[in-house]
1. With point charges of +1 on the Cβ of Lys and Arg and -1 on the Cβ of Asp and Glu, referenced to the Cα centre of the chain, which listed residue (116, 75, 236) lies farthest in the positive direction of the dipole?
2. Rounded, prolate or oblate: which one fits the stretch 167-271, using the alpha carbon gyration tensor with axes a ≥ b ≥ c (rounded when a/c is under 1.5, else prolate when a/b beats b/c, else oblate)?
3. How high is the relative contact order of the chain? Use alpha-carbon pairs under 8 Å, at least six apart in sequence, and give a whole percent.
4. Gaussian network model of the chain, Cα springs within a sub-10 Å range: biggest mean-square fluctuation belongs to which of 204, 99, 127?
5. Once each part is reduced to its C-alpha centroid, what is the distance from the stretch 104-171 to the stretch 192-240 in angstrom?
6. Just going by the charge dipole of the chain, with Lys and Arg at +1 and Asp and Glu at -1 on Cβ, which of 24, 164, 210 is farthest out on the positive end?
7. I need the peptides 76-83, 246-253 ranked by packing, meaning the mean over residues of other C-beta atoms within 10 angstrom, with the highest value on top.
8. With each run of n ≥ 4 DSSP H residues scored as -39500 (n - 2.57), what mean residue ellipticity at 222 nm is computed for the chain after dividing by its residue count and rounding to the nearest 500 deg cm²/dmol?
Amino acid sequence: MGIVNVTPDSFSDGGRYVEPDAAVAHGRRLLAEGADVLDIGGESTRPGATRPLVSEELDRVVPVIRELARDAVVSVDTMRAEVAEAALEAGATIVNDVSGGLADPRILAVTAAADAVYVAMHWRAHSTRMADFATYDGPGGVVGTVAAELAERLEAVLAAGIDPARVVLDPGLGFAKRGEHNWELLRDLDPITALGQPVLVGASRKSFLGHLLADEAGTPRPVEDREHAHTAVVMHLARQGVWGVRVHDVRAAHDALAVVDALARPAQEER
């Protein structure tokens, strides 16, 4: 899943593709590099980000979706029912909701009515407050808690009428989670995959990788220099059988997946 941020303030590439023509060109580059899905978002969810007006989000994503949906499978990255509805009308076929329906419950009915795929991510609060909710002291720790809370969201998603065959779950790395929480989830996705739905994971360029690669002074590795570490994460996730990975550098991820696939083939197939 290639990321197309049509935003001025995303943590990795904010502002680079805020103009529709630039976003469309970027999406087409990602397709050429091997993206299966283009995930188009008009709201930054980086820690501390301020939400745009609904009209701003619509103006950012709808023209880009309308153009890219001619040639690609398109996902809209939004928490708002109004934006999801307009995106689906413009040609998107997947709603990637980082709030799992908690920010705007009507988004579930919108997705069900369109018979679209719905990605429900683990989420506890908006970006300005999510750090206050990064506590997982109960039984099962972060892995057990995230699985349990995703199970609750799955129940709500299915109750809204979304086809279970069209539901994907996401553990929400970085959302109301500290670095150690992200690593624990990456080590053990089994309780989440045990819920019976495909799993999407987005680790690309996130701050926990920057902290892992910090220099001797403790300064995190810059965003643009985290891709080698992320490629290792992609290979780890592929071996765990996840449904998808949400990435900025499609070529690197695509190449890593090709290696994993080659290693998994019986030796006689290589002759």
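Every number in this text was worked out from the coordinates using simple rules, so none of it is lab data. All values derive from a computational prediction rather than experimental measurement. No Cβ is skipped: glycine too gets one built from the backbone with ideal geometry, and neighbour counts run over all protein chains shown.
1. Positive-end residue among those listed: 236.
2. oblate
3. On the way: 499 pairs, mean separation 41.5, N = 271.
Once normalised by length, the contact order is 15 percent.
4. 127
5. Each part's Cα centre sits 21 Å from the other's.
6. With unit charges placed on the Cβ atoms, the residue in question is 210.
7. Averaged packing, sorted descending, gives the order 76-83, 246-253.
8. Values: 10 runs with 113 residues, N = 271.
Calculated at 222 nm, the ellipticity per residue is -12500 deg cm²/dmol.
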